[in-house]
Amino acid sequence: MPEGHTIHRQAREQRADLVGHVVRTDAVQDRFAGAAARLDGQVLTDVDAYGKHLFQTWEDGSVVHVHLGLYGKWRRQPVPPLWMVGAVRLRLVGPTHAWDLAGATVCALVTPEEQERVLDRLGPDPLRPDADPGPFLAKVARSATPIGALLLDQAAVAGIGNVYRAELLFTGGIDPRRPAKELRPHERDRLWTEIVHQLGLGLDVGHIVTLRDDELDRPRPEVPRDEGLYVYHQEACRVCGSAIRTTALAARRIDWCPHCQPRRPRRTHEAPVAPPPG
DNA sequence: CGATTATGATTAA
DNA sequence: TAATCCTAATCGC
């Protein structure tokens, strides 16, 4: 179940396996049979990821657009491919490895213009080196939407999913229910830094692992946990032990620590206390 | 073996 | 907000 880091990882692996090679295709599901037949025997010239969207560019200029959605999966196996799991919609067979696609929300043959239209709808992708945080920061500063909902809006920032939004707000120390525009400038900037850092870590490691700065140089505490997460589907906060709270935001569950993510930003330096009147 | 849940997103109401 | 697309793992009976 993929967020942006997964898609970028798969794009990287497909580039290594398939780009520059003649690819044989095979479509098990009828709905994509025609497209697959057209691609069969062509050289795959590029694979690239934007947010959660994957684009494969082929020799004749056509583009395969894939969005895995909630259930979609790419499966990689050696050549010749021996097994087939589920309803495989598209099979790409390269010189050494084959890639099977199943369950994707989107698998379509598009033109470069249609690809551009998809990209136009996306906010900056933190996993792309040229990502410009400007539009994201401006949206946060302007929007009354809860920040926890805005992080799932792919037009605001591309590639964040339900696990990352919860974890990023934890490492950023922000209550997900706070209206975006009420974040302080340093919290906005910090949030973008966290997004770039944590998704980049996920891309390198191959799965979601969030790390707060203060734990970077420290062995992680031996607390039972799923996949090294701070709050998502956790019962107690790994840092302070508080009971994790859960609610729905943008129609998805979100978990947060009421102590590490206070509703009001905690002041680094307490304001001078005014002498009591009278 | 059926019900439930899931790292997504669009469309209709 | 709800229904829908569609796959797979997990859990309860």
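Assorted remarks:
- Ordered by the number of other Cβ atoms lying within 10 Å of each residue's own Cβ, fewest first, A:60, A:17, A:153 fall into the sequence A:60, A:153, A:17.
- Neighbour-limited loop hits for trypsin sites (Lys or Arg not before Pro), segment A:119-169 (at most 15 other Cβ within 10 Å; DSSP other than H, G, I, E, B): A:121
- Net charge of the neighbourhood of residue A:247, taken over other residues with C-beta under 9 Å away and scored Lys/Arg +1, Asp/Glu -1, is +2.
- Over chain A, volume per residue of the alpha carbon convex hull, in Å³: 164 Å³
- Taking θ as phi - 60° and the Karplus parameters 6.51, -1.76 and 1.60, the scalar couplings of segment A:102-117 work out to 9, x, 5, 5, 10, 8, 9, 8, 10, 8, x, 5, 5, 4, 4, 5 Hz in sequence order, x denoting glycine and proline.
- Exposure proxy ranking for A:245, A:9, based on other Cβ atoms within 10 angstrom of each Cβ and starting from the fewest, stands as A:245, A:9.
- Among A:247, A:57, a tally of other beta-carbon atoms within 10 Å of each Cβ gives an order, fewest to most, of A:247, A:57.
- Whole-Hz couplings from phi, Karplus 6.51/-1.76/1.60, listed for segment A:61-72; x for Gly and Pro: x, 6, 10, 9, 9, 10, 10, 6, x, 7, 10, x
- Residue-by-residue Karplus 3J(HN,Hα) for segment A:3-8, coefficients 6.51, -1.76, 1.60, Hz, glycine and proline x: 10, x, 4, 5, 5, 5
- Helical content of chain A, expressed as a calculated mean residue ellipticity at 222 nm, amounts to -8000 deg cm²/dmol (DSSP H runs of 4 or more residues, -39,500 (n - 2.57) each, divided by residue number, nearest 500).
- Amide H to amide H distances under 5 Å link residue A:236 with A:244, where only residues 5 or more positions off or on other chains count and H is placed in the peptide plane.
- About the Cα centre, charge dipole magnitude for chain A (Lys/Arg +1, Asp/Glu -1 at Cβ), debye: 940 debye
- If the convex hull is drawn through the Cα atoms of segment A:88-172, its volume per residue in Å³: 165 Å³
No lab work stands behind these numbers, since they all come straight from the coordinates. These numbers come from a predicted model, not from an experiment. Cβ sites come from the backbone with ideal geometry, for glycine too, and all protein chains shown count toward neighbours.
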